[in-house]
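The values are calculated or read from the model by the stated rules, or taken from the named source; none is laboratory data. Keep in mind it's a predicted model, so treat the numbers as computed, not measured. Every residue, glycine among them, receives a Cβ derived from its backbone with ideal geometry; neighbour counts consider all protein chains shown.
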Amino acid sequence: MPPELEKPEEEIDEEWLLAQPIEGLQEHCVELGLSDDGSAEELAARIVNKLEDLEEQEEEDDDDEEGESETALREQEEVAEAATQSKGKGPRLSRDDNDDNDDDATMDDDDATRDQLEQLRAERAAGRREPGSVANERLRASLSVTERLALADELKEGANGLFRAGSNGTALGGYLAAIWLLKPHEPPCPNALASAIWLLRPNDPRCPSSVMATPPPWGHEGTLLLGEGRPPLSRRKQAAMEALGAPECAALRESLHLNVAATALPLGDWDLAAAACHFVLRRSTHNAKARYRLAQAHSGAGELKAASRELIALLKIEGEQTNRDARQLLKEVQARSLERRAAKERVVQRRRIELRLKDEAEAEEAAEASVRREEDLLTQRTEAAVRVREPPRVGARVSVYWVGDLKWEEGEVIAEIPPAQCRESVPRLQHRVRYLDGFEHVHDLCSAHRHAFEYELLAAPPARVTVARRRLGALGSKALNTLGIKPAQVCDNLTLDAAVGFGCIGLVLLPAIAMVYGLLAGPG
């Protein structure tokens, strides 16, 4: 494998490149996106030209960023000075007025502070740069790697004092600012850390005059500030990467993350505390503090199974079997788990009781409905047994009243259905009626049943002789029509001889006609 170029880019020149093996020059050309064809002199010239172009481009980018930062800082300072001057022009209260209105002034100050924090959060979400953020980036750019490590350690000690004093929000900002300083790729300073450094170093001459206290980061916003950063893209920062990756720096970074977890727990930021502990445990699995604080975060978030799992893992670590705090917290978590399980069981039991009561109520309603149906059927049978109108005979013309249509309809009774053949739930006498439009329907026309129809008799059925005569006439007309003979033509062309002949035929066929007439007329 060809050797790598191990000299800083600032000291690389063409003479030094010519002293290197050609395999190393070819590999370096490939890394820079250049062609690796040609002699050693051509490869060295390409590398030198490419490095000079990259250096000029990086200097231009740095100048642009510095100009933008200075402009933003100048604008923010002007706005802050104008706000300060306008605030100073307000009316002043006398000493007596101040003594009388201490409580009101305190409440107004609290409301103003709350409104100010909400405004800062809104401006932060809108992407507005704070003057303190720009000042933090200037401060970091002016420090060497060693000075950055010393400043991070100083911020940690100052935040420790604030944490012991109960200022958890300010201490959390100090710890996160120290973590931000230790990231080798030098990310932009978020507005959440605009005042974190300067609140711990108020006497620093580089502290901007317009820096105001910013609310501490919360939840996902805070978790984005954790971690050790990514490798820098610029080759100039490789030395800083190596220095910030040293063991003492790694230990300081882990200690800061543990302190972030300890500060986030009293604030109730369980996500931030858990993320900080996970960062430490990925690098030190047997870290007892990280396990314990992660269990506290899970317990605070209500994740009792995860908290119990972390505490059991903590008690398995060598030397932590007698950890009183862990054992006490495990007892509390287990007690809460039992209480939660008992609460769930009570809910399930209550639900079962409700379902049983519901089933019993439905069964009672079904039984009552069945009794009501039986009583209703009995009532209907009683009503059906009472005859309020005489039943019409077959062949009678009737007028039936339809309650739904609120009108009378005329028809002819064509059949009588006895109760034995009735398909209703309550057997009763029914009649089939054919109406003038050909529609047929079965009615109860004579009982006191609730579904009975009222009717009026329009015409009694004709006598059986008349019916037979009509049927015989209809048969004769049909026979003549079948033979193609019209009755009118027969009457017009009838002669005496023909009449005598028809009379003789009638005498011969009289017994047969009498028999057919008797069959059509029926018995009686």
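Just a few scattered comments:
- Filtered by the rule that a residue be of a type in the set (D, E) and outside the structural domain of A448 (by TED's automatic domain parsing), the range 379-429 gives E383, E390.
- Sub-9 Å Cβ pairs linking a first residue in the range 32-54 that is assigned by TED's automatic domain parsing to the domain that holds L17 and among the small types (G, A, S) to a second residue that is exposed (fewer than 12 other Cβ atoms within 10 Å of the Cβ) and in a helix (DSSP H, G or I), at least 6 apart or interchain, are A44/E15, ordered by first then second residue.
- Residues located in the range 334-372, provided they are small (G, A, S) and more than 31 Å from the chain's Cα centre (by Cα): A335, A361, A363, A366, A367, A369, S370
- Failed item in (1) modelled with pLDDT of 85 or more; (2) among the basic types (K, R); (3) surrounded by fewer than 20 Cβ atoms within 10 Å (Cβ to Cβ), with R235 passing the rest: (1)
- Residue match in the range 358-375 (condition: touching a residue at least 12 places away in the same chain (Cβ under 8 Å) and β-branched (V, I, T)): no
- The listed residue being assigned to a loop (DSSP other than H, G, I, E, B), farther than 22 Å from A385 by Cα and at pLDDT below 85, out of P427, P461: P461
- Residues of the range 370-397 that are among the hydrophobic types (A, V, I, L, M, F, W, C) and under 20 Å from R450 (Cβ atoms): V371, L377, L378, A384, A385, V386, V388.
- Complete set of residues in the range 292-311 that are in contact (Cβ under 8 Å) with a residue 12 or more places away in the chain and within 19 Å of E339 (Cβ to Cβ): A295, Q296, H298, S299, G300, A301, L304, K305, A307, S308, L311
- Some residue of the range 344-360 being farther than 30 Å from C277 by Cα, loosely packed, with under 14 Cβ neighbours inside 10 Å, in contact with a Ser or Thr (Cβ under 8 Å, 6 or more places away or on another chain) and not charged (D, E, K, R): no
- If you go through the range 152-186 and pick out every residue that is over 17 Å from L226 (Cα atoms), in contact (Cβ under 8 Å) with a residue 24 or more places away in the chain and out of contact with any helix residue (DSSP H, G or I) (no Cβ under 6 Å at 6 or more places or on another chain), you end up with 2.
- Looking only at residues of the range 404-424 that are surrounded by 10 or more Cβ atoms within 10 Å (Cβ to Cβ) and in a loop (DSSP other than H, G, I, E, B), we find that the one that is modelled with the lowest pLDDT is E424.
- Subset of the range 262-273 (residues that are farther than 17 Å from A251 by Cα, more than 25 Å from the chain's Cα centre (by Cα) and either assigned to a helix (DSSP H, G or I) or of a type in the set (S, T, Y) (or both)): T263, A264, L265, P266, L267, A273
- Residue within the range 244-263 that is among the β-branched types (V, I, T) and either without any contact (Cβ under 8 Å) to a residue 40 or more places away in the chain or not assigned by TED's automatic domain parsing to the domain that holds T223 (or both) present: no
- Filtered residue count, the range 304-326, keeping only those that are modelled with pLDDT of 90 or more, in contact with a helix residue (DSSP H, G or I) (Cβ under 7 Å, 6 or more places away or on another chain) and surrounded by fewer than 15 Cβ atoms within 10 Å (Cβ to Cβ): 1
- When E383, E374 are screened for being exposed (fewer than 12 other Cβ atoms within 10 Å of the Cβ) and either in contact with a Gly (Cβ under 9 Å, 6 or more places away or on another chain) or assigned to a helix (DSSP H, G or I) (or both), only E374 passes.
- Filtering the range 193-228 to residues that are modelled with pLDDT of 80 or more and of a type in the set (V, I, T) leaves I197, T223.
- Residue within the range 3-19 that is modelled with pLDDT of 75 or more and assigned to a loop (DSSP other than H, G, I, E, B) present: no
- Here E186 passes the criteria (1) surrounded by fewer than 24 Cβ atoms within 10 Å (Cβ to Cβ); (2) touching a Lys or Arg at 6+ places or on another chain (Cβ under 7 Å); (3) on the phi < 0 side of the Ramachandran plot except the one numbered (3).
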